[in-house]
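Below: the structure, in structure tokens.
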Amino acid sequence: MVVDSADEKQADRLFRALANPTRRDIVKRSMRDDYSVSALARCYTTSFAAVQKHVALLEAARLVSKRPRGREQIVRGNTEAIETARRLLDQFEEVWRERIDLFDKVLNQPEKEGPDAGDQH
Amino acid sequence: MPVTNIEKSPENLTMVVTSEFEAEPGRVWQMWADPRLLERWWGPPTWPATFVDHEFTVGGRASYFMTGPDGDKARGWWRFEAIEPTHRIEFADGFADQDGEPDDGMPTMAVRVSIGQDGASGSTTRMAIESRFDSIEDMEKLAEMGMEEGITLAIGQIDDLL
């Protein structure tokens, strides 16, 4: 399978965007309700400009989108992107579940020897 | 099912797998310390692992390969960063080229293993394994390799171990 480098870049932006507590909070809020950028700014002690920057970063990572409503910009969370973020870890979970099941089996039959046990290459 | 909990953190690129076993901690430890036991569970049944080296000391290296159903070999290496019998192992896990040398173009993963007796009952041992990834690209690459093996696993006959 070939990795699409555009996908890779997008995923990287995604994780970088989520690696900040304020940005994670903005995502959570904007998934539940409609918030304008100024309404979001009132939720934090940081400056309006800082919040605006956070929103821009989240927008670039496609975690949120902005839509004009009157004179305001409404920030909406993008549920699909969050799902993508979890997908990779789900795959690793499967690998480890299988591995631990094997671990348990071997642990319960440590004396059993396979035909090429101890075979050195 | 020995796995009791899985904690995934997409924000920190980490995953912690906690499991419990009906065995003494010393025996759980041996599953990592003894390469002959280790190679019976590290690779999926259709991609069994063979550990060629297993220098189980701090700074020591392990090298292994996994053999697929068509005879393809996937090589990997470990570097042990911390070893505290019988409760802590930390190592870096990476891919190797066909000669078994670390492949710098491929991702590495940090693995932290904690083993401890469960206070409630003397014969139960708890093991927590934390995997930490450096970047999302690394995760993508690793997931791909895992998927390839997983698909083979699914279509192949899953016999009892060995």
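State whether the residues of region A:66-83 include one that is within 14 Å of another protein chain (Cβ to nearest Cβ), modelled with pLDDT under 85 and closer than 30 Å to B:Pro44 by Cα.
yes
Determine which single condition B:Asp72 fails, assuming it passes every other condition in (1) within 18 Å of B:Asp103 (Cα to Cα); (2) of a type outside the set (S, T, N, Q); (3) surrounded by 15 or more Cβ atoms within 10 Å (Cβ to Cβ).
The number of the failed condition is (3).
Taking into account only those residues within region B:7-22 that are at the interface with chain A (Cβ under 7 Å from one of its Cβ atoms) and modelled with pLDDT of 90 or more, which is farthest from A:Phe15 (Cα to Cα)?
At the first step, the residues of region B:7-22 found to be at the interface with chain A (Cβ under 7 Å from one of its Cβ atoms) are B:8, B:10-11, B:13, B:15, B:17, B:19, B:21.
Now narrow it down to the ones that are modelled with pLDDT of 90 or more: B:17, B:19, B:21.
On the way: B:Val17: 21, B:Ser19: 28, B:Phe21: 34 Å.
For region B:7-22, the residue satisfying everything is B:Phe21.
What's the total number of residues in region A:39-67 that are β-branched (Val, Ile, Thr) and surrounded by fewer than 18 Cβ atoms within 10 Å (Cβ to Cβ)? Outline the logic, then answer.
The initial filter retains those residues of region A:39-67 that are β-branched (Val, Ile, Thr), namely A:45-46, A:51, A:55, A:64.
Subsequent filtering for residues that are surrounded by fewer than 18 Cβ atoms within 10 Å (Cβ to Cβ) retains A:45-46.
Of the residues in that region, 2 qualify.
Of everything in region A:54-71, what is closer than 13 Å to A:Leu18 by Cβ and not in a strand (DSSP E or B)? Give them in sequence order.
To start, the set of residues in region A:54-71 that are closer than 13 Å to A:Leu18 by Cβ comprises A:54, A:57-58, A:60-64.
A:His54, A:Leu57, A:Leu58, A:Ala60, A:Ala61, A:Arg62, A:Leu63, listed by residue number.
Could you check, for region B:76-88, whether at least one of its residues is closer than 22 Å to A:Asp101 by Cα, touching a residue at least 12 places away in the same chain (Cβ under 8 Å) and aliphatic (A, V, I, L, M)?
Narrowing region B:76-88 to residues closer than 22 Å to A:Asp101 by Cα: B:76, B:78, B:86-88.
With touching a residue at least 12 places away in the same chain (Cβ under 8 Å) added as a condition, the list becomes B:76, B:78, B:86-88.
Remaining after also requiring aliphatic (A, V, I, L, M): none.
Scanning region B:76-88, I find no residue that is closer than 22 Å to A:Asp101 by Cα, touching a residue at least 12 places away in the same chain (Cβ under 8 Å) and aliphatic (A, V, I, L, M), so the answer is no.
Given A:Lys112, A:Lys28, which one is farther than 28 Å from B:Ile6 by Cβ and modelled with pLDDT under 85?
Details: A:Lys28 fails: farther than 28 Å from B:Ile6 by Cβ.
Only one candidate qualifies: A:Lys112.
Give the residue that is surrounded by the fewest Cβ atoms within 10 Å (Cβ to Cβ), with candidates limited to residues of region B:31-52 that are at the interface with chain A (Cβ under 10 Å from one of its Cβ atoms) and assigned to a strand (DSSP E or B). Steps first, please.
From region B:31-52, those at the interface with chain A (Cβ under 10 Å from one of its Cβ atoms) are B:31-32, B:34-45, B:48, B:50-52; that's our starting set.
Keeping just the survivors that are assigned to a strand (DSSP E or B) gives B:50-52.
On the way: B:Thr50: 19, B:Phe51: 20, B:Val52: 15.
By that ranking, first place goes to B:Val52.
Got a sec? Which of B:Phe21, B:Phe65 is touching a helix residue (DSSP H, G or I) at 6+ places or on another chain (Cβ under 8 Å) and surrounded by 19 or more Cβ atoms within 10 Å (Cβ to Cβ)?
Values: B:Phe65 fails: touching a helix residue (DSSP H, G or I) at 6+ places or on another chain (Cβ under 8 Å).
When all the criteria are applied, what remains is B:Phe21.
So which residues in region A:1-25 are in a helix (DSSP H, G or I), at pLDDT below 70 and touching a helix residue (DSSP H, G or I) at 6+ places or on another chain (Cβ under 7 Å)?
Selection gives A:Glu8, A:Ala11.
The values are calculated or read from the model by the stated rules, or taken from the named source; none is laboratory data. Since this is a predicted model, take the numbers as computed values, not measurements. All Cβ positions, glycine included, derive from the backbone under ideal geometry; neighbour counts span all protein chains shown.
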